[in-house]
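Have a look at the structure below, then the notes.
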Amino acid sequence: MKVVEDQVVEDDTCLQDDEESFFQDIDLLQKHGINVADIKKLKSVGICTVKGIQMTTRKALCNIKGLSEAKVEKIKEAAGKIVGFQTAFEYSAKRKHVFHITTGSQEFNKLLGGGIESMAITEAFGEFRTGKTQLSHTLCVTAQLPGEDGYSGEHQMELLDFVAAKFHEEGGVFKLLIIDSIMALFRVDFSGRGELAERQQKLAQMLSRLQKISEEYNVAVFITNQMTADPGAGMTFQADPKKPIGGHILAHASTTRISLRKGRGEMRIAKIFDSPDMPENEATFAISGGGVTDAKE
């Protein structure tokens with residue numbers, strides 16, 4: 001897991017005001033009758049903003065040690081008073097915070113509508129040596145460019161709590177969260193068909209956490225995935241009998257899914273596999289000594 005820190009302009013007061021309106025600290029709950037001890041309990045599980053409370057179910061909040069149903073109801077009510085009902089116009093204004101991180105290739109950026117988008121999960125899957133990790137490394141660099149918009153299963157979940165706390169402490173500093181090969185540790189922790197249901201449940205929990213982090217802190221989440229043989233492919237006429245692993249859980253959690261495949265030499269082809277707002281299309285890029293770049297004619 002890689003967390004990338006962007007450069008901060010300390011004297012930009014407009015930027016600071018913008019950040020304050022986006023990140024509403026849960027300490028604000030004190031003004032609505034929630035005590036410090038209960039706020040500390042919320043922070044201990046990585047819930048540090050009012051939006052974080054809104055995106056967490058009552059059932060999940062009740063599972064936090066020391067929070068009764070009555071307390072949870074009071075916390076939810078207090079959060080509602082701070083944020084209130086959000087109109088479509090307000091949501092549209094929130095979406096103006098969305099930014100894109102360049103992939104290093106103009107063609108690839110165009111395919112994605114500008115690059116890897118914040119407040120969303122972008123998944124790239126492909127076979128060995130199709131450029132998944134190279135793309136991850138390139139994004140680590142491009143996320144830090146000025147002016148750019150852009151490890152067991154259990155331990156990984158604990159790391160997400162740490163990451164959320166870090167994002168909160170330094171609001172607006174971080175742009176990108178990368179998980180290179182999201183399914184690798186789940187495949188180690190859960191083997192065999194008998195454990196498939198439990199694996200998918202744990203995966204769903206992690207992806208839900210990632211989606212909340214992406215929206216709560218306005219960061220781009222980029223995950224890479226592996227492929228496996230599709231046992232049902234023999235019944236169809238599909239050209240590629242392989243499919244990304246993770247099943248429907250991962251398919252529905254990812255906002256945008258990108259399929260990567262090899263071209264000639266260092267050339268790679270990216271294809272929109274699934275996206276809510278981008279048409280199904282392809283782009284060619286290259287992998288060089290400096291990472292992902294435009295393909296030369």
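The values are calculated or read from the model by the stated rules, or taken from the named source; none is laboratory data. Bear in mind the structure is a predicted one, so any value in this text is a computation, not a measurement. Neighbour counts are summed over all protein chains in view; Cβ atoms, including those assigned to glycine, are modelled from backbone coordinates with ideal geometry. For the accessible areas, the whole protein counts, side chains as well, though only heavy atoms, and no ligand, DNA or RNA atoms are used. Shrake-Rupley method; radii C 1.70, N 1.55, O 1.52, S 1.80 Å.
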For this session: Return yes or no: is F128 out of contact with any Phe, Trp or Tyr (no Cβ under 9 Å at 6 or more places or on another chain), open to solvent by 60 Å² or more (accessible area, probe 1.4 Å) and either on the phi > 0 side of the Ramachandran plot or not basic (K, R) (or both)?
Result: yes
Exercise. For V72, all conditions in the list (1) at pLDDT 95 or above; (2) of a type in the set (V, I, T); (3) exposed (fewer than 12 other Cβ atoms within 10 Å of the Cβ) hold save one; what is the number of the exception?
Worked result: (3)
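Yes/no per residue for (1) of a type outside the set (A, V, I, L, M); (2) closer than 29 Å to T142 by Cα; (3) part of a strand (DSSP E or B):
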position	(1), (2), (3)
E73	yes, no, no
I82	no, no, no
S92	yes, yes, no
N109	yes, yes, no
Problem set entry | Condition check for K110: modelled with pLDDT of 95 or more, open to solvent by 60 Å² or more (accessible area, probe 1.4 Å) and either under 25 Å from Q205 (Cβ atoms) or among the basic types (K, R) (or both) | yes
Seminar exercise, completed: Restricting attention to the stretch 179-215, the residues that are over 15 Å from I245 (Cα atoms), among the acidic types (D, E) and modelled with pLDDT of 90 or more number exactly 1
Exercise. Going by the structure shown, is M227 over 15 Å from the mean Cα position of the chain (by Cα) and either crowded, with 20+ Cβ neighbours inside 10 Å or at pLDDT below 90 (or both)?
Worked result: yes
Exercise. Of all residues in the stretch 245-277, which are within 18 Å of the chain's Cα centre (by Cα) and among the aliphatic types (A, V, I, L, M)?
Worked result: I245, I249, L250, A251, A253, I258, I272
Exercise. If you take just the strands (runs of 3 or more DSSP E) that sit entirely in the stretch 243-297, which of them hold at least 2 residues that are among the basic types (K, R)?
Worked result: 256-262, 267-274
Exercise. Does the stretch 258-277 hold any residues that are surrounded by fewer than 16 Cβ atoms within 10 Å (Cβ to Cβ) and closer than 10 Å to L112 by Cα, and which are they?
Worked result: K271, D277
